[in-house]
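Inspection log for the structure reproduced underneath, given as structure tokens.
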Ligand SMILES: Cc1cc2nc3c(=O)[nH]c(=O)nc-3n(C[C@H](O)[C@H](O)[C@H](O)COP(=O)(O)OP(=O)(O)OC[C@H]3O[C@@H](n4cnc5c(N)ncnc54)[C@H](O)[C@@H]3O)c2cc1C
């Protein structure tokens with residue numbers, strides 16, 4: 001249906017022009033970007049729509065960190081490593097040296113981000129939503145408009161960093177973007193994560209593994225029973241996140257587009273029903289562990305895997321992934337596999353004839369990774385906007401790999417450091433969006449980052 005249009009009549013609103021760098025979106029990429037910029041002494045504001053930091057890792061209740069290593073060494077370093085170490089401090093059942101699928105205590109992680117961001121000197125505005133962007137013809141964003149309990153406020157800064165996950169700022173500033181599969185327009189399915197408490201720890205740990213890689217998992221019986229119509233596939237990742245508390249990333253919802261609020265709203269309502277069905281099904285099919293379980297929480301953010309991919313100065317491709325490519329302007333490396341969750345059609349095949357889970361999943365061997373070029377963080381045509389997180393410039397396959405939180409932390413740190421240098425090097429208002437690459441790489445290497453610089457390529 002064609003939308004009707006309305007022109008906002010003249011309205012004068014407050015303007016705040018006191019910040020050098022403004023980061024929008026306080027997920028892993030936004031937190032790292034704000035910390036990174038503020039640590040360099042530039043005045044930084046972090047604007048977040050919800051009431052806490054962490055994005056999908058906290059409000060979204062994602063159960064665990066994707067692996068922090070390349071099967072040999074930790075490769076997500078700097079701020080990413082700091083966050084990982086601190087996030088493990090509260091978890092008695094997790095080894096200090098663990099790097100693979102480290103479980104997340106979401107409440108603890110919120111405080112970790114609060115502390116790191118506040119200590120960096122960055123300021124935070126919660127419950128504040130980016131709702132419009134003013135862009136000049138030269139590709140320079142002059143102001144962003146934010147709505148919160150003060151009404152609308154305009155913010156002016158030297159550099160803006162878009163960490164909204166959906167590329168809201170860059171897209172509204174006029175940047176070109178891609179959305180999902182180019183031909184079918186299909187997006188990866190969404191999942192609403194949830195936490196069950198009062199789980200029997202012993203029975204959970206020593207009972208059948210629930211993940212669908214275990215062919216004995218009760219998930220298959222739950223599906224086939226027909227008693228739980230919302231459990232339509234075997235996707236069922238789970239982690240013990242605290243005493244008697246197991247967090248689930250389970251179930252799928254297709255045709256959800258987070259850039260359409262009506263679509264996300266419906267998916268949250270449906271997601272909560274799916275979570276309750278999982279609790280009931282688990283209580284029945286794995287009673288020793290879940291017989292007395294209690295559905296304690298569902299994510300307040302829908303689990304969105306894919307929306308806009310902003311077109312940047314470089315588009316990272318599947319071919320780059322397959323070649324384990326290095327770049328002269330790397331700011332980090334990623335070794336996570338291409339993890340594209342199956343389509344609705346593929347899911348329907350699973351119940352009839354089984355499903356080839358590895359089809360989409362080109363995996364690396366030990367020590368292998370690909371470079372993340374700084375140019376993927378630079379939206380084409382914009383002069384003072386950087387992007388970080390799952391909305392960076394790449395093709396669909398690479399988005400399935402780069403979207404995980406360790407990589408988002410690394411990209412956020414790179415964007416924040418670049419923004420601070422752009423302010424210091426007075427690069428804003430020039431034709432180049434970005435600092436001197438050597439200076440950026442030196443700054444990141446001094447902080448312990450891992451990538452292959454021009455000299456080592
Ligand atoms: C179901 C699911 C399971 C996953 N499992 C894992 C896993 O096990 N391990 C892993 O490492 N990764 C996992 N991921 C991937 C990972 O969690 C996300 O891709 C990652 O968090 C993206 O980080 P981000 O900073 O780009 O965005 P997000 O984490 O999405 O954060 C974006 C933030 O921006 C805010 N925001 C958005 N729009 C606006 C606006 N207009 N104004 C103000 N604020 C705004 C949001 O409130 C949010 O806090 C999973 C993802 C999903 C969906």
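The values are calculated or read from the model by the stated rules, or taken from the named source; none is laboratory data. Please read these numbers as outputs of a predicted model, since none were measured by experiment. With ideal geometry, Cβ positions are generated from the backbone for all residues, glycine too; neighbour counts draw on all protein chains shown.
Points worth noting:
- Residue 409 being touching a helix residue (DSSP H, G or I) at 6+ places or on another chain (Cβ under 6 Å), more than 16 Å from the ligand (Cβ to nearest atom) and assigned to a helix (DSSP H, G or I): no
- Segment 154-198: number of residues that are within 15 Å of the ligand (Cβ to nearest atom), at pLDDT 95 or above and outside any helix (DSSP H, G or I): 23
- Selection within segment 292-312: residues that are over 30 Å from residue 182 (Cβ atoms) and part of a loop (DSSP other than H, G, I, E, B). The member of this set that is nearest to the ligand (Cβ to nearest atom) is 300.
- Scanning segment 59-86 for residues that are away from the ligand (no atom under 11 Å from the Cβ), in contact with a strand residue (DSSP E or B) (Cβ under 9 Å, 6 or more places away or on another chain) and either on the phi < 0 side of the Ramachandran plot or assigned to a helix (DSSP H, G or I) (or both) yields a total of 4.
- When segment 371-406 is filtered for residues that are away from the ligand (no atom under 16 Å from the Cβ), assigned to a helix (DSSP H, G or I) and either touching a helix residue (DSSP H, G or I) at 6+ places or on another chain (Cβ under 9 Å) or within 22 Å of residue 55 (Cα to Cα) (or both), only 374 remains.
- Flag for residue 149 being out of contact with any helix residue (DSSP H, G or I) (no Cβ under 9 Å at 6 or more places or on another chain) and under 26 Å from residue 299 (Cβ atoms): yes
- Qualifying residue in segment 199-208 (condition: part of a loop (DSSP other than H, G, I, E, B) and under 25 Å from residue 269 (Cα atoms)): yes
Residue by residue, here is whether (1) crowded, with 16+ Cβ neighbours inside 10 Å; (2) on the phi < 0 side of the Ramachandran plot holds:
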site	(1), (2)
224	no, yes
237	yes, yes
245	yes, yes
255	no, no
271	yes, yes
285	yes, yes
289	yes, yes
303	yes, yes
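- Number of the condition not met by residue 43 [criteria: (1) more than 9 Å from the ligand (Cβ to nearest atom); (2) surrounded by 24 or more Cβ atoms within 10 Å (Cβ to Cβ)]: (2)
- Residue 52 vs. criteria near the ligand (Cβ under 10 Å from one of its atoms) and surrounded by fewer than 23 Cβ atoms within 10 Å (Cβ to Cβ): yes
Every residue, every condition in (1) touching a residue at least 12 places away in the same chain (Cβ under 8 Å); (2) over 17 Å from residue 238 (Cα atoms); (3) touching a helix residue (DSSP H, G or I) at 6+ places or on another chain (Cβ under 7 Å); (4) outside the structural domain of residue 372 (by TED's automatic domain parsing), yes or no:
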| residue | (1), (2), (3), (4) |
| --- | --- |
| 58 | yes, no, yes, no |
| 70 | yes, yes, no, no |
| 97 | no, yes, no, no |
| 110 | yes, yes, no, no |
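- Residue list for segment 315-362, filter: at pLDDT below 90 and not in a loop (DSSP other than H, G, I, E, B): 344, 345, 346, 347, 348, 349, 350, 351, 352, 353
- Filtered residues of segment 248-291 (kept if in a strand (DSSP E or B) and out of contact with any helix residue (DSSP H, G or I) (no Cβ under 8 Å at 6 or more places or on another chain)): 249
- Residue 30 being assigned to a helix (DSSP H, G or I), within 13 Å of the ligand (Cβ to nearest atom) and either over 25 Å from residue 332 (Cβ atoms) or touching a helix residue (DSSP H, G or I) at 6+ places or on another chain (Cβ under 7 Å) (or both): yes
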